[in-house]
Every structure is written in structure tokens, then in C-alpha cells.
1. In segment 206-222, what residues are open to solvent by 10 Å² or more (accessible area, probe 1.4 Å), assigned to a loop (DSSP other than H, G, I, E, B) and not basic (Lys, Arg)?
2. Out of the residues in segment 235-280 that are part of a loop (DSSP other than H, G, I, E, B) and among the basic types (Lys, Arg), state the one that is surrounded by the most Cβ atoms within 10 Å (Cβ to Cβ).
3. Considering segment 351-384 alone, what residues qualify as being open to solvent by 10 Å² or more (accessible area, probe 1.4 Å) and on the phi > 0 side of the Ramachandran plot?
4. I'm trying to understand the selection: among the residues of segment 389-403, which are of a type in the set (A, V, I, L, M) and within 15 Å of Met427 (Cβ to Cβ)?
5. What tally of residues in segment 419-455 results from selecting those that are among the hydrophobic types (A, V, I, L, M, F, W, C) and free of Cβ contacts under 8 Å to residues at least 60 places away in the same chain?
6. Output the residues belonging to segment 385-418 that are on the phi > 0 side of the Ramachandran plot and free of Cβ contacts under 8 Å to residues at least 60 places away in the same chain.
7. Could you check segment 237-274 and list, in sequence order, the residues that are among the hydroxyl-bearing types (Ser, Thr, Tyr) and closer than 22 Å to Thr304 by Cβ?
8. Restricting to segment 299-328, what's the tally of residues that are in a strand (DSSP E or B) and modelled with pLDDT under 95?
Amino acid sequence: MLGIWLLLWGSLSLGSRADTAFLRRAHDSSGHCTYSFTVASPVEAACPEAAGGVPELRAELAALASRLSRLESRERGMGGSGPRGADPGGPRDPQQVTSAARLEAAYGELLRAKHRHFGGQWPGTEPPEGGRSRHGGEGAALAPAHAVPDPAAAPRWDPQPLTYQELQSERTEVPVSRLLEETALGRPGSEDSAGCGELVWVGEPVVFGRADSIAGKYGVWMKDPEPVPPFTRDNTWRVDAVGTEVRQLFQYEEAEQLARGYPAKVHILPRPLESTGAVIYRGGLFFQPRHSRSVARYDLRGETVTAEREIPGAGYHGQYPYSWGGYTDIDLAVDETGLWVIYSTEKARGAIVLSKLDPETLEIRRTWETNIRKRGVANSFVICGTLYTVSSYTAPNATINFAYDTATGTSRALSIPFENRFRYLSMLDYNPAERQLFAWDSFNMVTYPIRLSRA
């Protein structure tokens, strides 16, 4: 065996161009005799790439950095401020001097190891922009790989564990009002929905209350976007619309009272209303009296009907309802521009007709005839003078499927997702003050956040 090692030694010596191999014989830990030899590199004086690939060296440097951190912490606890933090002019305790000396030595050793093995850059980090040192400040240039810096003149380096670097974050306090505006839920003041625009998104429904009897399987609930004293925008109104003599209008001081089911007052209408097409606007309840093609205004303060007008040719009591039925032939709506009535006529052959009404006299100001079949959609509402329709009243994943723009007199197909969570949508209206859709879905009173494109 010794002959083989000597033969290899001689071969290496001949091919090393004056570089020699060194044979070493020694006992190992178990007492056996072992032979080993080393050969100097014929080209390179060192192996710089080994620094980035040898786990032992990485571990050694990490331990050295940890040791330096502990020494710095100990120095600060004794009144110092790191390797260069001591005041040279003031008196110091001998123990502090000794600690500082050890700290200076460890600091210099770490810097020399850093520059010797990595050329001034720690493994796993990106080179600093513009050739500047990451820790050396704005004017410090990156030291060459062969240079060994003077520890006393070197810039201060503050090591941080990688785990800390990955977890550190910034915290900014933001007012709640601003957060609400930035959630893009279509509230007033939101950048996406301020002013008028086209509907581009409808969010998930939020339940505000639930009817507790069969009379509330379908109905209508409302808030006045332009209330008159003594009423406010907090007042909430509700009608349970199942029955042959629907006369009760429930008044709540706020939506939370509606959720608890305790009305502040119950209005008994002088005439029963038909279906779920009613709205509250400017201190009045606008509704379709039962078995008529008329629209009436009930004054909430005087508790009397102050206006009533027939809609010429309008179908009623099941002639041109929405697809879910419920005698929804005449549907009232409110938007930023005022009061609307949605219906159909024999002349329009079942297509939706949209008319703008005077809220005081109920006179028709203007009428538009669309090409959207009323029986082919589940419900509709108006936003910024544009009529929108819903594809289904039972499908959980329905869509806002059509839009008719009264400004241009044109319609277009849409596909905006709309959720029927409880599978029986009987009422859907837009509230321009709340910037939300109000809906009645199988006993449940819900709202939908919306988003409008910028005008």
C-alpha cells in the first residue's frame, strides 16, 4: 500500500511544474497509522469560489457575525456604542477597555474574512447599486477583493439576521373613513363611484333583516335618498307584500331597528298596494294601487294620498310582469336624476317601457321604449339614467345581463355577476344616496355594494 502512495506522489511531483506534494504519516483517532498527502495548485493561489459553496465556511462566518452581535450588545450595556462608539477622551473602566479591545479585534477579523472570501459582499445578497457599499453610506465605494480594510477606518456594519429582514414591515395608521372609501364598495366619496358612471361590479349581498312570517316571503324595503323633515336618511321602511290586502307600511328609525323587527310606527295605507314596485322618495311612498294601472303618492307626514295618475296603456295585474310573476307589471325606481316607472304596453308587445315622472304631480315627462322583453328578465333598476336588468331570480350565479341608456336610446348586453343567495329575488332597487342596491330575497332584506366606472 505504501508503494502505491509513493508512486502517486512521484507522479504528481513530476507533473506539478516545481510544485511539490507533501506526504504525511500520523495516527488517527482509533490508533491506526494513516498516510495522506497534499499538492499545491499549479495555477491558483486560492479557491475564492469555495467561499460561496462550502457550508462549513458559511457556518463559521455566521457564528462570527453572531458573536460580534453579542459583543456589541454587551458593549452597549456597559455604556459603549459599538466598535467606534466609545469616547477616546473620557476615562474608561479597565473592564470596558478590555471588552472594547476584544470587540475591535473580532470586528476586524470579521471584515477581513468578509473581504477575503466574498470581495466585500455577503453570500446571497445582490451587489449594491452603482458600485456603492450596502453598509458604507452614500459615499463609500465597494472595496476590491484583495484589499484588507483597516478596522479602525472601516464603516460601521450592523448585521441583521435574515429572518428579521424577511419579517420586518412598515405600519401606517389610516382613518377608518379613508379605509371605507378605499374598499371600492360604491359608497359616496369613493373615487371609483363618485358622480355618475356605468355599472361595472356588484358585490356579495349583505343581510340586514329577515321577515318572520309567510307574508314576508317577498316584499320591499326602502330608504329615502332625499328625505324631508322630520325624516332622515336613517329612517327605513318595509312592506310585506304577500296577501290580497297589503296596506301596512312599517316605519323604523334606523336599519338596526328593522333587523330587530320592532317598527317605530305602522302606517295603514288608504288603498292596498300591488306587488313589490314601491319606492320612498322626497317624503312620499310611491306605489301602484291594487288592480289598477295607476301610480299614487302617499305623503308620509300627512298620511294621505296626495297624487295619483294613470300610466297610459300600462299592463297590470299579471299582463307584463317580470319572470318571477308576483303582479310586478308596474315597477317604480329612483336614481340620481329623479323618479322613474318601468312597465310594458300592448303597443310595445311586452318590451320594457321606461318613463320619467314628476314626483309632485306624477305627470310623465318623457318615455323610452326598449327592446328588452319584460318577461325575459327577473327584475330591473335605474342608475344614472340607465336601466339595468337581472337575468334570473333563482339562479345563484345570475348576471346583470342588459343595459339601456336613455341618453343614447341604445341597449347593450352585459355579464356582470350577481348572486341570488336565497334563490328568490322579488325586489331590487337602487338607492343613489347609499350607492347600493336594496333587494328582497326569500324573506331576507339585503343590500349589494356596487362600483361605477368613472364618468
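The values are calculated or read from the model by the stated rules, or taken from the named source; none is laboratory data. Since we're looking at a predicted model, the values are computed, not measured. Using ideal geometry, Cβ is built from the backbone for each residue, glycine included, and neighbour counts are taken over all protein chains shown. Surface areas here come from the heavy atoms of the whole protein model, side chains and all, with no ligands, DNA or RNA. Shrake-Rupley method; radii C 1.70, N 1.55, O 1.52, S 1.80 Å.
1. Asp212, Ser213, Tyr218
2. Residue satisfying both the conditions and the ranking: Arg271.
3. Cys384 - this is the single residue of segment 351-384 that is open to solvent by 10 Å² or more (accessible area, probe 1.4 Å) and on the phi > 0 side of the Ramachandran plot.
4. Residues satisfying the conditions are Val390, Ala398.
5. Here the count works out to 2.
6. Gly409
7. Correct list: Tyr252 only.
8. Residues that pass the stated criteria total 0.
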